[in-house]
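I have placed the structure first, in the form of structure tokens, so that the comments after it can refer back to it.
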Amino acid sequence: HARDGQILEMEYRLKTAKGEYRWFQSRDTVFKRDAEGHVVQLIGAAQDVTERKWTTDASQQAESDLRESERRYRLLADYSTDLITREDPSGVFRYLSPACVRFIGYPPNELMGRSKYEIVHPLDRDRVFQFHLRMLENQHPETLTYRIRAKGGDFVWCETRAQPIVDPVLHSVI
């Protein structure tokens, strides 16, 4: 059973309209459940990895290295004492590290899929919004100090260092 916000990674083969089989890799997150708690909608992306999967031994090694790198990144993010987030370009949380509980009292799944602006102090929202736009436009790391609301209602000062991630194929912020 997938937890809300958990990233599901899968590899599978699909038959194309031309009758050939292609390998795909997807990363999806549970987006919506029905009243009984069954997953009814996922949000994510799939990529055709046929060439990468079946070419030379060197590329198979590169794929193995990529998986190991992802595993190491996940360990760093999941066990960091800093709050690490990933947001879509509109500011909706797509990942929050477990440090979220220690830092502001929210389990990550309570904020997953919600806008970060819901917890930004009302007097800081415009500055955070302008920071966000500037960072997306310049595509350079930016740093900002502002307040966010902890689960108990108190506001906590935080310093954010943010960097947009650009998809090299789509040439857009992801």
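Here are the numbers for this structure:
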| read-out | value |
| --- | --- |
| Test: residue in segment 35-42 that is open to solvent by less than 70 Å² (accessible area, probe 1.4 Å), modelled with pLDDT under 80 and not hydrophobic (A, V, I, L, M, F, W, C) | yes |
| Residue satisfying condition, being among the aliphatic types (A, V, I, L, M) and farther than 18 Å from residue 90 by Cβ, within set 136, 123 | 123 |
| Test: residue in segment 46-53 that is open to solvent by less than 50 Å² (accessible area, probe 1.4 Å), touching a residue at least 12 places away in the same chain (Cβ under 8 Å), under 16 Å from residue 148 (Cα atoms) and touching a strand residue (DSSP E or B) at 6+ places or on another chain (Cβ under 6 Å) | no |
| Candidate set: segment 86-109, residues that are over 13 Å from the mean Cα position of the chain (by Cα) and in contact (Cβ under 8 Å) with a residue 24 or more places away in the chain; chosen: the one farthest from residue 31 (Cα to Cα) | 103 |
| Within segment 62-85, tally of residues that are without any contact (Cβ under 8 Å) to a residue 24 or more places away in the chain and touching a Phe, Trp or Tyr at 6+ places or on another chain (Cβ under 6 Å) | 0 |
| Entirely in segment 42-158, the strands (runs of 3 or more DSSP E) that have 2 or more residues that are hydrophobic (A, V, I, L, M, F, W, C) | 93-96, 142-149 |
| Residue within segment 92-108 that is modelled with pLDDT under 85, closer than 27 Å to residue 133 by Cα, in contact with a Ser or Thr (Cβ under 8 Å, 6 or more places away or on another chain) and open to solvent by less than 70 Å² (accessible area, probe 1.4 Å) present | no |
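The values are calculated or read from the model by the stated rules, or taken from the named source; none is laboratory data. Computed from a prediction, not measured in an experiment: that's the story for all the values here. Reconstructed Cβ throughout: ideal geometry from the backbone, glycine too, with neighbour counts over all protein chains shown. Side chains included, ligands, DNA and RNA excluded: accessible areas come from the protein's heavy atoms. Shrake-Rupley method; radii C 1.70, N 1.55, O 1.52, S 1.80 Å.
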